[in-house]
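Inspection log for the structure reproduced underneath, given as structure tokens.
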Amino acid sequence: MVKWDTHTHSQFCKHGSGEETALMVEKAIDLGFTRYSISEHAPLPESFIPDPARRSEFTLLSSEVDDYFSHIKELKKIYGNRIEILSGLEIDYLSGFEQYTFEFIKTYQNDLDDLIISLHCIDGKGGLRSVDYTPDDFKDGLLNYYGSINTVYSIYWETVKKMLDMDFGFSKMKRIGHIGLINKFSNKFPWVSEWMNDVGFFENIFSQVQSNGWTLEFNAAGMTKGYNGNAYLTEPMLYWCKKMNIDILYGSDSHGTEMVGMYYDNYLELTG
Ligand SMILES: [Zn+2]
Ligand SMILES: [Zn+2]
């Protein structure tokens, strides 16, 4: 059986532990993983965050992409007989920047074995705002701007639907990262429970996931205490995944060695 971590970061990440990617790969080997995707945050458009130092806190810079892919090639050479390493990226779906994203993927498609599309930002105060940065930022950029958590929630899921219909021009792998990321601060800003648990609300969204051929992610970072503890897949979402045969793959979203392989047993329990 393939034991696959589909979502990990690297030594290029400025908001990670700063540990060498090789140490993370070695830990995955020790834990019996047979496939390992390296999926660093892909560069944001310059116009989105003009200051390169600030942009670089979140993602690779465009000037680092070639070095990043060479780094993965090196790791493949060193570890390739012990674990299958996939060369990937985690790409932000940024509403309004679609052309940038399509062109970026087209430019690097030969370097990529794998790709995760993630939604971290939705329209809010002053433009696109993060749904997962800090509770204060969430409050400032989204909650206070829209005036109700219900509106924030529905804007998020509308944006998910736009993303699910997008053709990103990459056919090797179609995977959405942490589809329920909007729930990250749900302990702090509780959603109206009827929405969160309304199975009917998710039917349309998950039939779109299925008909457009996306796979989803069990995101181990979402299991971490203090967040919502459900890997960003709530009961109604899991219900439709099962019913519609949507594949859920394990992703540790490791930003250092500590998280590699975490909650894999929970993943097996949930999906087995
Ligand atoms: Zn990150
Ligand atoms: Zn990630």
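Bear in mind that the values in this text are calculations on the coordinates, not laboratory data. Keep in mind the model is a prediction, meaning the values are calculated, not measured. When we count neighbours, we look across all protein chains shown, and the Cβ atoms used for this are built from the backbone with ideal geometry, even at glycine.
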Checklist outcome for this item: Distance in nm between Phe189 and Asp165 label points, each 7 Å along Cα→Cβ, equals 2.6
Checklist outcome for this item: Here the net charge surrounding Ala53, from other residues whose Cβ is less than 14 Å away from its Cβ (Lys, Arg +1; Asp, Glu -1), is -1
Checklist entry - Taking the simple approach of a point 7 Å from Cα along Cα-to-Cβ for both Asp140 and Ser70, what is their distance in nm? => result 3.8
Checklist entry - What net charge do the residues around Ile246 carry, taking every other residue with its C-beta under 12 Å from that of Ile246, with Lys and Arg at +1 and Asp and Glu at -1? => result +2
Checklist entry - Most fluctuating residue of Gly229, Gly126, Gly251 in a GNM of the chain with Cα springs under 10 Å: which is it? => result Gly126
Checklist outcome for this item: Here the Cα Rg-to-2.2 N^0.38 Å ratio for the chain is 0.96
Checklist entry - Rounded to the nearest 0.05, what FRET efficiency do Asn81 and Ser47 have when you use their Cβ-Cβ distance and R0 = 45 Å? => result 0.55
Checklist entry - For the chain, modelled as a GNM with alpha-carbon contacts under 10 angstrom, which of Asn219, Asn183, Asn81 fluctuates the most? => result Asn81
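Quick one: compute the contact order of region 4-271, relative version, from alpha carbon pairs under 8 angstrom and 6+ residues apart, as a percent.
Values: 455 pairs, mean separation 54.3, N = 268.
It rounds to 20 percent for region 4-271.
So what's the net charge close to Asp140: Lys and Arg +1, Asp and Glu -1, counting the other residues with Cβ under 10 Å from its Cβ? Please list the in-between numbers first.
Values: positive: Lys125, Arg129, Lys139; negative: Asp136, Asp137.
Cβ neighbours under 10 Å give a net charge of +1.
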Checklist entry - How do Asp114, Asp198, Asp51 line up, fewest other C-beta atoms within 10 Å first? => result Asp51, Asp198, Asp114
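Given an 8 Å cut-off on Cα distances and at least 6 residues of separation, report the relative contact order of region 105-175 as a percent.
On the way: 56 pairs, mean separation 28.1, N = 71.
The normalised contact order for region 105-175 reaches 40 percent.
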Checklist entry - Is it possible to state the helix-based mean residue ellipticity at 222 nm for the chain, with each DSSP H run of 4+ residues giving -39500 (n - 2.57), the sum divided by total residues, to the nearest 500 deg cm²/dmol? What is it? => result -10500 deg cm²/dmol
